[in-house]
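The values are calculated or read from the model by the stated rules, or taken from the named source; none is laboratory data. Just so it is clear, the model here is predicted, and its values are computed rather than measured. For neighbour counting, all protein chains shown are included, and Cβ atoms are generated from backbone atoms with ideal geometry for every residue, glycine included.
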Amino acid sequence: MRWQEIREHYPQQWILVEAIKAHSEANKRILEQLAVVGTFPDSVAAMRSYTQLHREAPERELYVFHTSREALDITERRWLGIRGIRGYPESLSRSTTTVSERRGV
């Protein structure tokens, strides 16, 4: 579906959508075809669903929008550096403990 069709079918609702066909142009993400994954009573519920689905399948291009938006204006941001390491605090504390044990502390 296109955004205008979604707005007509789901007026004044929070929705979770997946981009089926999209491309980038001048630092903007252009969403040509979307699939509605779910509708929600509020943004918190929509973001909870987004978070769960993103954890399960991070390769999916998911978005949360309210259908009151007339147009989708999505600016792309390039992430530089490390976004995070899974288990970082645990691995850091284990390696610190190991180093301390070697030193006899």
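Can Ala71 be described as under 23 Å from Glu5 (Cβ atoms), touching a residue at least 24 places away in the same chain (Cβ under 8 Å), of a type in the set (A, V, I, L, M) and in contact with a strand residue (DSSP E or B) (Cβ under 7 Å, 6 or more places away or on another chain)? No; evaluated as a whole, the condition is false for this residue. Across region 1-39, what is the number of residues that are of a type in the set (Gly, Ala, Ser) and farther than 15 Å from Ile74 by Cβ? Result for region 1-39: 2.
Candidates Leu80, Leu16, Leu53: the one that is in a loop (DSSP other than H, G, I, E, B) and either of a type outside the set (Lys, Arg) or modelled with pLDDT of 95 or more (or both) is Leu80. The number of residues in region 32-82 that are in contact with a helix residue (DSSP H, G or I) (Cβ under 9 Å, 6 or more places away or on another chain) and of a type in the set (Asp, Glu) comes to 1.
Residues in region 19-33 that are in a strand (DSSP E or B) and exposed (fewer than 15 other Cβ atoms within 10 Å of the Cβ): Ile20, Lys21, His23, Ser24, Glu25, Lys28, Ile30, Glu32, Gln33.
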